[in-house]
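Colleague: Quick one: the structure is below, and I'll ask about it shortly.
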Amino acid sequence: MYKRNPLSAHQLKPLALFFAALTVSGSALAWQPERPVEFVVTSGAGGGTDTFARTVQSIIGKHKLMDESIIVSNKGGGSGAEGYVYSASSKDDPYKLTFGTNNEYLLPEVGEMPYAAEDLQPVAAMAMDEFLIWVNGDADYASAKDFIDAAKQNPGKMQFAGSQSKDTDQTLVSMIEEATGADFRYVPFNGGSQALVQLAGGHVDANVNNPNENLGQWQAGMVKPLCVFSPEQLPKGEPVYEDKGWGDIPTCISQGIDISEYRMPRTVWLPADAPQEAVTYYQELLRKVSETPEWKDYTTRTVQTSQFLTGDELEQYIDDNAETVRKVFEQEGWNAS
Amino acid sequence: MNNLSLLMDGFATILTWNHLLIMVIGVMLGMLVGVLPGLGAPNGVSLLLPLTFTMDPVSAIILLSCMYWGALFGGSTTSILFNIPGEPSSVATTFDGYPMARNGEATRALTLAFMSAGLGALAGVVMITLLASSVAQFGLRFSSPEYFAVYFLAFCSFIGMSSSAPSKTLVSMMLGLAFATVGMDSVSGGLRLTFGIPDLVKGISFLVAVMGLFGIAELMVTTEEGLSFNGIKSRIRVRDILRTMAELPRYWASLIRSILIGIWMGITPAGPTAASFMSHGIAKRFSRHPERFGKGEPNGIVSPEAADHSAGTSALLPMLALGVPGSATAAVMMGGLMIWGLTPGPMLFITRPDFVWGLVASMYLGNVVAVILVLSTVPLYASILRVPFAIIGPVIVAVIFTGVYQVANSTFDFWLLLFFALLGYLFKKLDYPVAPLVLTMVLGHRAEEAFRQSMVMSDGSLTVFWSNSLVTTIMGLGVLMLVWPLFSRMLGLRGWRRRLHRQKPQASKPATPDSRP
């Protein structure tokens, strides 16, 4: 009778190594998720980032682009910092796909955040959201020029409502001040929809919301756009209110506000140490998503520019974008020391 | 009435077996989500959202809104039975609901809560049907100073609510404000009171705090008192449910007042949580027997519940009429709207009347379905209290810890939970009131934000709070609430004293219902 195991440890070792090698080479060939993937959304439910992530989720589900299921978790605390901290602390976990904007690298610039921009690696940028100057539907300004002139006559009196503090909205307002010499008062609110209500109710003079945030109220004539911060006018579409559509809005640069482009990328991230194979997998997955008719429908409806960026292109974009914004931060003294 | 005929069309749209089945499923899922602490209505609705991607918008919104009703009802259940609010808005229900259940009247407490909640919700829907557009326009008049005034009024109507010493109430309120400060300050964009702990960046979740302060702390006290729930004596008979329903008209004054408060707070939109607190505070203030509150007073259950649900329902009005969410759950539903291909906004009434009026019709039916379903669960829930504490106690602990983890998938929250449990226990032992802490914790952040936005708008001048008739009226009401106790004492000092003497022997009797022989 054998007293010891039929296979000695000595014999087992090469066998174990063989199987280990097999699994390693297997995963190197093509990484595939083997359990549900968590979509970490860096905004509250119902926000722009939330709609972005859930649209991606619905497209993946509809076209069966991934076998494993998707769990969406909203972590919008601290202007989205909650979500970034959450994924940054999971180091190399390829199952935490994080959805955000450019606030991933802007938040650590202005505040002492418990994560650094480098703790996450960019996977892809999928769309660019536009910014416009909006005023109340009953306001007298016929053009952005009128609006700026009025602001110059009342320095420090005209109020811009915006989402959060020292974030994209306030940055843009500072850039407008710098470009025109006007002096505004910026009132931070908790999200674009509150900034919208304040404008529709006539409590503030303007906001710089994204198209989708104000679309429903423009349809009703409660607010109206003056100009858009893009190099060219937006593509022609159906009229929204009184024969005017998105394509009829003049660019801000044509109105004498010298900011040719200000956009916000819709970005997807993974923890910095997640395996490269996983990054490639998600890039392919998201590319497929961005080529579906549903994605086109989403970007058209929300008046975003579909633009799929990965790899070096994306790195370059992030560097340029961060550089632009950093200048404003330095000017305003918002930098975290 | 054009609205009424449109509503009839809405009923025609939704009255199919398919939709009725969706309603029942939605309500039952909602009740489950509401009963499980930590999950909550907004989380439940967003969990269910992916399921609706392939449905048509009308069925999808029926499913989600019915889940919302179910969750609102479910949240009150645990408040009453275990002193654990399933939703922030049902905290105020614990003040009188739990004592009544402990006195062996769990069936009565649950029935009162569900019936008044159902009535509140129905009143909210009627308001939406009749006044949709004009009321929504009123909501637009609210800016930051008005918001602050509303919160100020909510605080003031609650002050003097507890029977403890005023200085202790003050300590409790200040602690609540301090907890509300933790995390990111949205006006300056900086982090406050996080002590370099990454988990505190998101702030302290109100649900975690409440589960510690109420749930675990209550279990600790019960354990100390000898492992017994008085509810064990409670007998469950269907007749009790019917008798309680017959008793409801007696509280008509509280009902109407609370419904008005709820509708108003839902539209403005200060939200159901502020509404339920305020309603409970005002009910006590205007009661002829304020000393009975906190010991199982029926008006103390009816008021917060009716206000909570009328506010919860009215909160859907800004979403439909203006395209702005009135509550966290409405925000999730609006996100859903966009994914289904609809644009939330004022034009929704014109472009998709079938959707809007289908939803309104489903609010009527869904709430009736919800009331029937929750009432049928009363005997089941009430019988849970007959399970010996030695069994149910550990189960509650497990449920609470699971719930806390569900809030943010964070193990750090366990430590927070234990911290708040100890704090709650200390508060009980030293006779500090917990309610003011909870109130300021849940509303403090928003009140501060509104105050500082007002200061930015007015360039630092406090006169902004008296700058128009609306804000002046609300602030005036708040100040009146604040000085009312002093005022009434000065006016009727002798009558007050006489009443106090007469009530003293009565008041001292139920003060020690827990002492065992």
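The values are calculated or read from the model by the stated rules, or taken from the named source; none is laboratory data. Values in this document were obtained by computation on a predicted structure and should not be read as measured data. Using ideal geometry, Cβ is built from the backbone for each residue, glycine included, and neighbour counts are taken over all protein chains shown.
Colleague: Mind counting the residues in the range A:312-337 that are in a helix (DSSP H, G or I) and touching a residue at least 12 places away in the same chain (Cβ under 8 Å)?
Modeller: 12
Colleague: Turning to a different aspect of this structure: So if I check each of A:Tyr141, A:Tyr186, which one is in contact (Cβ under 8 Å) with a residue 12 or more places away in the chain, more than 12 Å from every other protein chain (Cβ to nearest Cβ), of a type in the set (Phe, Trp, Tyr) and outside any helix (DSSP H, G or I)? Outline the logic, then answer.
Modeller: Numbers: A:Tyr186 fails: more than 12 Å from every other protein chain (Cβ to nearest Cβ).
Just a single option satisfies the conditions, and that option is A:Tyr141.
Colleague: So which residues in the range B:276-295 are crowded, with 18+ Cβ neighbours inside 10 Å and among the small types (Gly, Ala, Ser)?
Modeller: B:Ser276, B:Ser279, B:Gly281, B:Ala283, B:Gly294
Colleague: Within the bounds of the range B:113-125, is there any residue that is modelled with pLDDT under 90, crowded, with 24+ Cβ neighbours inside 10 Å and more than 14 Å from chain A (Cβ to nearest Cβ)? Let's see the steps before the verdict.
Modeller: The initial filter retains those residues of the range B:113-125 that are modelled with pLDDT under 90, namely none.
Checking the range B:113-125: not a single residue is modelled with pLDDT under 90, crowded, with 24+ Cβ neighbours inside 10 Å and more than 14 Å from chain A (Cβ to nearest Cβ).
Colleague: Let me confirm something: among B:Pro85, B:Pro42, which residue is surrounded by fewer than 24 Cβ atoms within 10 Å (Cβ to Cβ) and within 23 Å of B:Ala307 (Cβ to Cβ)?
Modeller: Values: B:Pro85 fails: surrounded by fewer than 24 Cβ atoms within 10 Å (Cβ to Cβ).
None of the others qualify; the one that does is B:Pro42.
Colleague: Would you point out the residue of the range B:329-361, among those that are farther than 23 Å from B:Met127 by Cβ and within 7 Å of chain A (Cβ to nearest Cβ), that is nearest to the chain's Cα centre (by Cα)?
Modeller: So the residue we want is B:Gly335.
Colleague: If you don't mind, another one. Looking at A:Pro231, is it part of a strand (DSSP E or B) and under 23 Å from the mean Cα position of the chain (by Cα)? Give the steps one after another, and end with the answer.
Modeller: Numbers: part of a strand (DSSP E or B): no; under 23 Å from the mean Cα position of the chain (by Cα): yes.
Criteria not met by A:Pro231.
Colleague: Which residues, counting only those in the range A:117-131, are farther than 21 Å from A:Asn209 by Cβ and either part of a strand (DSSP E or B) or within 12 Å of another protein chain (Cβ to nearest Cβ) (or both)?
Modeller: Filtering the range A:117-131 for residues farther than 21 Å from A:Asn209 by Cβ gives A:117-124.
A:Asp119, A:Leu120, A:Gln121, A:Pro122, A:Val123, A:Ala124 - these are the residues of the range A:117-131 that are farther than 21 Å from A:Asn209 by Cβ and either part of a strand (DSSP E or B) or within 12 Å of another protein chain (Cβ to nearest Cβ) (or both).
Colleague: Which one is farthest from the other protein chains (Cβ to nearest Cβ) among residues in the range B:181-201 that are under 28 Å from the mean Cα position of the chain (by Cα), outside any loop (DSSP other than H, G, I, E, B) and not acidic (Asp, Glu)?
Modeller: B:Thr181
Colleague: If you don't mind, another one. Where residues in the range A:192-211 are of a type in the set (S, T, N, Q) and part of a loop (DSSP other than H, G, I, E, B), which of them is nearest to A:Thr305 (Cα to Cα)?
Modeller: So the first thing to find is which residues in the range A:192-211 are of a type in the set (S, T, N, Q), and the list is A:193-194, A:198, A:207, A:209-210.
If we keep only those that are part of a loop (DSSP other than H, G, I, E, B) as well, we get A:209-210.
Details: A:Asn209: 16, A:Asn210: 12 Å.
Across the range A:192-211, the extreme among qualifying residues is A:Asn210.
Colleague: Tally time: how many residues in the range A:83-116 are within 11 Å of another protein chain (Cβ to nearest Cβ), closer than 23 Å to A:Arg326 by Cα, surrounded by fewer than 19 Cβ atoms within 10 Å (Cβ to Cβ) and of a type in the set (Gly, Ala, Ser)?
Modeller: Matching residues across the range A:83-116 total 0.
Colleague: Determine if the range B:314-322 includes at least one residue that is in a helix (DSSP H, G or I), more than 14 Å from chain A (Cβ to nearest Cβ) and in contact (Cβ under 8 Å) with a residue 12 or more places away in the chain.
Modeller: First pass over the range B:314-322, keeping only residues in a helix (DSSP H, G or I): B:314, B:316-322.
Subset that is more than 14 Å from chain A (Cβ to nearest Cβ): B:314.
Going one step further and asking which of them are in contact (Cβ under 8 Å) with a residue 12 or more places away in the chain, we end up with B:314.
Scanning the range B:314-322, I find at least one residue that is in a helix (DSSP H, G or I), more than 14 Å from chain A (Cβ to nearest Cβ) and in contact (Cβ under 8 Å) with a residue 12 or more places away in the chain, so the answer is yes.
Colleague: Those residues that are over 17 Å from B:Ala149 (Cα atoms) and in a helix (DSSP H, G or I), I need them from the range B:277-298; list them, please. Let's see the steps before the verdict.
Modeller: Taking the range B:277-298 first, the residues over 17 Å from B:Ala149 (Cα atoms) are B:280, B:283-298.
Hits for the range B:277-298 are B:His280, B:Ala283, B:Lys284, B:Arg285, B:Phe286, B:Pro290, B:Glu291, B:Arg292, B:Pro298.
Colleague: Let me spell it out: the conditions are (1) closer than 19 Å to A:Gln164 by Cα; (2) within 14 Å of another protein chain (Cβ to nearest Cβ); (3) among the β-branched types (Val, Ile, Thr), and A:Val208 meets all of them except one. Which number is the exception?
Modeller: (2)
Colleague: Working only within the range B:52-80, note down all residues that are more than 20 Å from B:Thr351 (Cβ to Cβ) and among the small types (Gly, Ala, Ser).
Modeller: B:Gly70, B:Ala71, B:Gly74, B:Gly75, B:Ser76, B:Ser79
Colleague: Report yes if A:Lys157 is in a loop (DSSP other than H, G, I, E, B), surrounded by 22 or more Cβ atoms within 10 Å (Cβ to Cβ), assigned by TED's automatic domain parsing to the domain that holds A:Asn210 and not hydroxyl-bearing (Ser, Thr, Tyr), otherwise no. Give the steps one after another, and end with the answer.
Modeller: On the way: in a loop (DSSP other than H, G, I, E, B): yes; surrounded by 22 or more Cβ atoms within 10 Å (Cβ to Cβ): no; assigned by TED's automatic domain parsing to the domain that holds A:Asn210: yes; not hydroxyl-bearing (Ser, Thr, Tyr): yes.
No, not satisfied.
Colleague: Here is a follow-up. Which of (1) in contact (Cβ under 8 Å) with a residue 60 or more places away in the chain; (2) within 24 Å of B:Val368 (Cα to Cα); (3) more than 8 Å from chain A (Cβ to nearest Cβ); (4) not in a loop (DSSP other than H, G, I, E, B) does B:Gly326 not meet, given it meets every other one?
Modeller: All conditions pass for B:Gly326, except number (4).
Colleague: Could you list, in sequence order, the residues of the range B:430-443 that are of a type outside the set (Phe, Trp, Tyr) and either more than 12 Å from B:Ala270 (Cα to Cα) or assigned to a loop (DSSP other than H, G, I, E, B) (or both)?
Modeller: B:Leu430, B:Asp431, B:Pro433, B:Val434, B:Ala435, B:Pro436, B:Leu437, B:Val438, B:Leu439, B:Thr440, B:Met441
Colleague: May I ask you to list the residues in the range A:235-252 that are away from every other protein chain (no Cβ under 14 Å) and buried (at least 19 other Cβ atoms within 10 Å of the Cβ)?
Modeller: Result: A:Ile249, A:Thr251, A:Cys252.
Every residue, every condition in (1) free of Cβ contacts under 8 Å to residues at least 12 places away in the same chain; (2) among the β-branched types (Val, Ile, Thr), yes or no:
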residue	(1), (2)
B:Met28	no, no
B:Leu32	no, no
B:Pro42	no, no
B:Ser46	no, no
B:Pro50	yes, no
B:Phe53	no, no
B:Ile61	no, yes
B:Cys66	no, no
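Colleague: Condition check: at pLDDT below 95 and either surrounded by fewer than 24 Cβ atoms within 10 Å (Cβ to Cβ) or among the polar types (S, T, N, Q) (or both). Does A:Gly80 satisfy that?
Modeller: No: the conditions fail for A:Gly80.
Colleague: May I pose another question? Of the residues B:Val368, B:Val374, only one is closer than 30 Å to B:Ser65 by Cβ, crowded, with 22+ Cβ neighbours inside 10 Å and at pLDDT 90 or above; which?
Modeller: On the way: B:Val368 fails: crowded, with 22+ Cβ neighbours inside 10 Å.
Unique residue meeting the criteria: B:Val374.
Colleague: Next question. Just the residues that are free of Cβ contacts under 8 Å to residues at least 40 places away in the same chain and either within 14 Å of chain A (Cβ to nearest Cβ) or acidic (Asp, Glu) (or both), please, taken from the range B:428-487.
Modeller: B:Met455, B:Asp459, B:Gly460, B:Ser461, B:Asn468
Colleague: Next question, about the same structure. Examine the range B:469-478 for a residue that is in contact with a Cys (Cβ under 7 Å, 6 or more places away or on another chain), assigned to a helix (DSSP H, G or I) and over 21 Å from B:Ser186 (Cβ atoms), and state whether such a residue exists.
Modeller: Here is the first cut: in the range B:469-478, the residues in contact with a Cys (Cβ under 7 Å, 6 or more places away or on another chain) are B:478.
Next, only the ones that are assigned to a helix (DSSP H, G or I) stay: B:478.
Okay, now just the ones that are also over 21 Å from B:Ser186 (Cβ atoms), so B:478.
Yes: the range B:469-478 contains one or more residues that are in contact with a Cys (Cβ under 7 Å, 6 or more places away or on another chain), assigned to a helix (DSSP H, G or I) and over 21 Å from B:Ser186 (Cβ atoms).
Colleague: I've got another one for you. Based on what the data block shows, is B:Phe420 more than 21 Å from the chain's Cα centre (by Cα) and of a type outside the set (Gly, Ala, Ser)? Let's see the steps before the verdict.
Modeller: Numbers: more than 21 Å from the chain's Cα centre (by Cα): no; of a type outside the set (Gly, Ala, Ser): yes.
Taking the combined requirement at face value, the residue does not satisfy it.
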